[in-house]
Amino acid sequence: MTREDVTAAILEARRTRGVSWAQLAQAVGRHPVWTTSALLGQQSMSEDEATAAVALLGLDPACVAVLTECPLKGSDADIPTDPLIYRLHEITQVYGSTIKALIHEEFGDGIMSAIDFELDIERVPDPKGDRVKITYNGKFLPYRKW
């Protein structure tokens with residue numbers, strides 16, 4: 001069973017059983033963003049976390065072993081074609097150098113960790129149409145001099 005097979009089984013089980021990402025996160029005991037990322041193949045789960053998700057979705061217990069493996073992280077290297085993912089890519093293309101300049105001015109020469117990192121997504125009510133608020137929260141890592 002491949003990682004792709006397990007992801008397809010998860011998506012199908014969510015659809016047929018009507019299970020939300022939030023319900024899966026509650027069963028796993030983690031944040032919905034992390035849980036969704038793990039179930040889509042970008043994080044490795046503990047055996048207990050994987051077992052809880054597999055049970056809720058009614059999947060083959062063999063899926064647990066795949067969900068606990070260290071994943072190959074990262075999405076497709078091509079420019080994304082899905083409109084929502086493309087817009088996130090576009091934001092980085094338009095504002096990436098600005099974000100980099102402001103981080104360097106505030107913190108110095110370094111990067112924001114994607115390992116010691118949290119992400120949150122919120123709905124913000126607005127009379128002109130609800131807004132999406134995405135928060136990136138990563139540890140600053142200065143470049144080391146030697």
Checklist line | Pairs where the first residue, in the range 7-30, is free of Cβ contacts under 8 Å to residues at least 40 places away in the same chain and the second is of a type outside the set (A, V, I, L, M) and loosely packed, with under 11 Cβ neighbours inside 10 Å, C-beta under 6 Å, 6+ apart | finding: none
Checklist line | Selection within the range 108-123 - surrounded by fewer than 10 Cβ atoms within 10 Å (Cβ to Cβ) and over 18 Å from Leu88 (Cα atoms) | finding: Asp109, Ile115
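In this structure, does Ala55 turn out to be among the small types (Gly, Ala, Ser), outside any loop (DSSP other than H, G, I, E, B) and surrounded by fewer than 13 Cβ atoms within 10 Å (Cβ to Cβ)?
Numbers: among the small types (Gly, Ala, Ser): yes; outside any loop (DSSP other than H, G, I, E, B): yes; surrounded by fewer than 13 Cβ atoms within 10 Å (Cβ to Cβ): yes.
Yes: the conditions hold for Ala55.
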Notebook entry, point to check: If you go through the range 89-108, how many residues are under 20 Å from Gly74 (Cα atoms) and small (Gly, Ala, Ser)?
Noted result: 1
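Would you point out the residue of the range 119-146, among those that are outside any strand (DSSP E or B) and of a type outside the set (Asp, Glu), that is farthest from Thr35 (Cα to Cα)? Spell out the reasoning first.
Applying the first criterion (outside any strand (DSSP E or B)) to the range 119-146 yields 125-130, 143-146.
Then keep just the ones that are of a type outside the set (Asp, Glu); that gives 125, 127-129, 143-146.
Details: Pro125: 25, Pro127: 31, Lys128: 31, Gly129: 28, Tyr143: 30, Arg144: 33, Lys145: 36, Trp146: 38 Å.
The residue in question is Trp146.
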Notebook entry, point to check: If you take the residues in the range 74-94 that are outside any helix (DSSP H, G or I), loosely packed, with under 12 Cβ neighbours inside 10 Å and not small (Gly, Ala, Ser), which one is modelled with the lowest pLDDT?
Noted result: Asp76
Notebook entry, point to check: Going through the range 8-52 one residue at a time, which ones are more than 22 Å from Gly74 (Cβ to Cβ), in contact with a Leu (Cβ under 8 Å, 6 or more places away or on another chain) and assigned to a loop (DSSP other than H, G, I, E, B)?
Noted result: Val19
Check: Could you say whether any residue in the range 108-118 is at pLDDT below 95, in a helix (DSSP H, G or I) and of a type in the set (Val, Ile, Thr)?
Finding: no
Next item on the list: Kindly indicate the residue of the range 27-52 that is among the polar types (S, T, N, Q) and either closer than 22 Å to Tyr136 by Cβ or within 16 Å of the chain's Cα centre (by Cα) (or both) and also surrounded by the most Cβ atoms within 10 Å (Cβ to Cβ) among those meeting that condition.
Entry: Thr35
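The values are calculated or read from the model by the stated rules, or taken from the named source; none is laboratory data. The model shown is predicted, which means the values in this text are computed figures rather than measured ones. Here Cβ is always computed from backbone atoms with ideal geometry, including for glycine, and neighbour counts include all displayed protein chains.
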